[in-house]
Amino acid sequence: MNIAVCVKEVPSATSAKRLDPSTYRLDRSGDSELNPFDVHGLEEAIKLREAGHEVEEIVAVCMGRENAQRPLQKALALGADRVVLLTDPALAGSDISGTAYALATVLEKQNADLVILGQQASDADCYVMAAAVADHLRRPLVTQVASLSLEGGTLRAKRQTEHGYDVIEATLPAVISVSDAINTPRLPSIKAIMGAKKKPTDQVSAADAGIDPSRVGEGGAKSVVRSVSPPPAKQEGRRIEDTGGDSAGAIVEFLAERGVI
Amino acid sequence: MATIVFMDHDEGAFNPNSLGVLAKAASLGGEVTAFVGGSGIDDAWAGGLGAYGASRVLVADDAALAGLPQPLVDALEPHAREADTVLFGAGVVSADVAAGLAARVGSGINCETTDFTLGEGGVVAVRPALGDTVMVESTFASSPAIILGRANAFASEPTGSGTAPVERVAVTVQEWSSAARMAGREQAETGGVDITEADVLVAFGRGIGGPENIPVVEQLAKALGGEVAATRAVVDAGWTSYSMQVGQTGKTVSPKLYVACGISGAIQHKVGMANAGVIVAINKDVNAPIFEFADLGVVGDVLTVMPKLTEALAGR
Ligand SMILES: Cc1cc2nc3c(=O)[nH]c(=O)nc-3n(C[C@H](O)[C@H](O)[C@H](O)COP(=O)(O)OP(=O)(O)OC[C@H]3O[C@@H](n4cnc5c(N)ncnc54)[C@H](O)[C@@H]3O)c2cc1C
Ligand SMILES: Nc1ncnc2c1ncn2[C@@H]1O[C@H](COP(=O)(O)O)[C@@H](O)[C@H]1O
């Protein structure tokens, strides 16, 4: 079986996040990294292979800037066999709708029995991409999967809802998104990092992928930002740097001052 | 202006987030249609949505519609195509249906919406973004506009009285929508401590390292006269039980004091505890979002700070 894992390039956790005031789009000029939530998807694919399921190929699929090739090296070092980067200036400014359509168009050609997404992207904080991709691909869907097993052509997944855990079975080919608690991703070894350089990386344009340009990018976006403003002002919190537990006295003082102890 | 509100429900109770969005839509004036999909729906119960402002209720009743999102997209699609706006409150099933519908009808979707207006000039949705550091106002370039609200952003009090007329609608389920089946539910255990009642909560996340360190959290909670709570990550990982979970798919709490130990402060956690009186966060990552809304942020190793704090409290 083949597994495709969707991975996004996002601004790294330490870089300041801001919207470009002229385009209202995320400023992507700083350092970037692999979306940490997607690393759990890759790890799960590798675990399925290690568990003895016949996983012929794990392909990491990304829509992003050409610069995404660098974070994608990490996907290869973690265990993806190949990456496909869909990159085209025409895709910049895509909304959820356009991105789901573009990803699904690329995924359709990957012949994957299982498509795995992360629970959310750390830059956009939506958690809906898997459901939109599944609809385009016309495949069954399970989101927020906290544990996963496969048997024959069926997957069994547990996911949390507002009422506890649902157990859902779905026939492959299927689309899932994984919770960030499904596994603890490994760190790539030096050998794996070196090995990653030899793995194939395909770079495709929107036209190569057969994407209708009117459905993507800023022009194709159905959700249009009209204005951006600061959030309602709130009082700054107090901050203490702790060394070896030396903050305990100050915390107690603060709690007493606020009348909660 | 045709507006439809998708009503998520479970075991005879509507999701309060769906009710809140319905009440908000109705408060903006105009006709609002509530859509209830499920199996064995009682007409009188569905009609009761009139009390939240629904002017009519569409009921799609089919065994395939029990709790799984894709058949619900199938059932909703023909009505959504006739609408200007389709609204969803926060919820796991609601989010899946909203996004599936957006893909199906080629619509734009606004997520984490905290406010919206409906009018002849079109729909405007507001969402906080980038860790709630900016408010983004969006419009839609196609119809229907799809909006998925943030958890607890819309209050769910009844706005009116009386019942709304109910209309039963036909359902056609797509073949791929039946390829997923509900195999069971592992119910949250009931009984034990009710964290929504506690005045003081000491909550832990993955940052405490492992379940073996839970006693350290318990000792701190005891010293503060409070109870222990948790994030989804540690519940999903099996360190503790679902009944302890605070957040979007867990409980909403508002204690006088909330001490967050090794918790990143993800938005889905924040929506469940942001109304606490005083929030103290202990986290070693200075960039953790929790520091953006904590009253006191302690940057340090939680496994060192917790026992020292317990000790200092005992010494008072
Ligand atoms: C639809 C949906 C619903 C959700 N519902 C909920 C919900 O109800 N409740 C909920 O909590 N989450 C929910 N989530 C998950 C949420 O997005 C986060 O994944 C989760 O809250 C993260 O939990 P965490 O903070 O324990 O773990 P992490 O995000 O891994 O954070 C651990 C933190 O601990 C810090 N840390 C690590 N080691 C130490 C140390 N030694 N000392 C100090 N600090 C340390 C780290 O810096 C980090 O900030 C939901 C997600 C989705 C998509
Ligand atoms: N040159 C590009 N090629 C492909 N995708 C891009 C490009 N630039 C941005 N994207 C993606 O398009 C979406 C919207 O990007 P942005 O408008 O920069 O927030 C995100 O998923 C980006 O990763």
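The values are calculated or read from the model by the stated rules, or taken from the named source; none is laboratory data. Here the structure is a predicted model, which means the values were calculated and not measured. Counting neighbours? That spans all protein chains shown, and the Cβs are built from the backbone with ideal geometry, glycine included. Quick note on the areas: whole protein, heavy atoms, side chains included, nothing else; ligands and nucleic acids left out. Shrake-Rupley method; radii C 1.70, N 1.55, O 1.52, S 1.80 Å.
What to note about this one:
- Of the residues A:Cys62, A:Cys126, the single one that is surrounded by fewer than 24 Cβ atoms within 10 Å (Cβ to Cβ) and under 13 Å from the mean Cα position of the chain (by Cα) is A:Cys126.
- Some residue of the stretch A:183-192 being within 12 Å of chain B (Cβ to nearest Cβ) and more than 29 Å from B:Ala125 (Cα to Cα): yes
- Pick from the stretch B:114-140, criterion closer than 23 Å to B:Ala80 by Cβ and in contact with a helix residue (DSSP H, G or I) (Cβ under 9 Å, 6 or more places away or on another chain), ranking: least open to solvent (accessible area, probe 1.4 Å): B:Phe116
- The lone exception for A:Gly52 - which of (1) over 12 Å from A:Ala4 (Cα atoms); (2) away from ligand 1 (no atom under 16 Å from the Cβ); (3) in a helix (DSSP H, G or I) it fails: (3)
- Which listed residue, of B:Leu257, B:Leu309, is under 30 Å from B:Gly91 (Cβ atoms), crowded, with 19+ Cβ neighbours inside 10 Å, in contact (Cβ under 8 Å) with a residue 40 or more places away in the chain and within 7 Å of chain A (Cβ to nearest Cβ): B:Leu257
- Selection count where residues are more than 26 Å from B:Pro16 (Cβ to Cβ) and surrounded by fewer than 23 Cβ atoms within 10 Å (Cβ to Cβ), scope the stretch A:142-163: 9
- Qualifying residue in the stretch A:247-260 (condition: touching a strand residue (DSSP E or B) at 6+ places or on another chain (Cβ under 8 Å) and either part of a strand (DSSP E or B) or within 30 Å of A:Thr87 (Cα to Cα) (or both)): no
- When each of B:Leu87, B:Leu101 is tested for being open to solvent by less than 10 Å² (accessible area, probe 1.4 Å) and not in a helix (DSSP H, G or I), the lone residue that passes is B:Leu87.
- Exactly one residue out of A:Ala233, A:Ala250, A:Ala207 is surrounded by fewer than 13 Cβ atoms within 10 Å (Cβ to Cβ) and more than 27 Å from the chain's Cα centre (by Cα): that is A:Ala233.
- Top-ranked residue in the stretch A:103-129 [being of a type in the set (Gly, Ala, Ser) and closer than 26 Å to B:Gly91 by Cα; ranked as farthest from the other protein chains (Cβ to nearest Cβ)]: A:Gly118
- Here the stretch B:289-304 is the region considered, the condition is being touching a residue at least 24 places away in the same chain (Cβ under 8 Å) and either in a loop (DSSP other than H, G, I, E, B) or at the interface with chain A (Cβ under 9 Å from one of its Cβ atoms) (or both), and the residue that is nearest to ligand 2 (Cβ to nearest atom) is B:Glu292.
- All of B:Val216, B:Val286, B:Val271 fail the test of being open to solvent by 20 Å² or more (accessible area, probe 1.4 Å), of a type in the set (Val, Ile, Thr) and part of a loop (DSSP other than H, G, I, E, B), apart from B:Val286.
- Inter-residue pairs, beta-carbon under 9 Å, first assigned by TED's automatic domain parsing to the domain that holds B:Glu31 and in the stretch B:76-89, second among the acidic types (Asp, Glu) and at pLDDT 95 or above, 6+ apart: B:Phe88/B:Asp8; B:Gly89/B:Asp8
- Just one of the numbered conditions (1) farther than 26 Å from B:Ala90 by Cβ; (2) more than 7 Å from every other protein chain (Cβ to nearest Cβ); (3) within 13 Å of ligand 1 (Cβ to nearest atom) is not true of B:Gly272: (1).
- Of all residues in the stretch B:165-177, none satisfies being open to solvent by less than 30 Å² (accessible area, probe 1.4 Å), away from chain A (no Cβ under 14 Å) and of a type in the set (Phe, Trp, Tyr).
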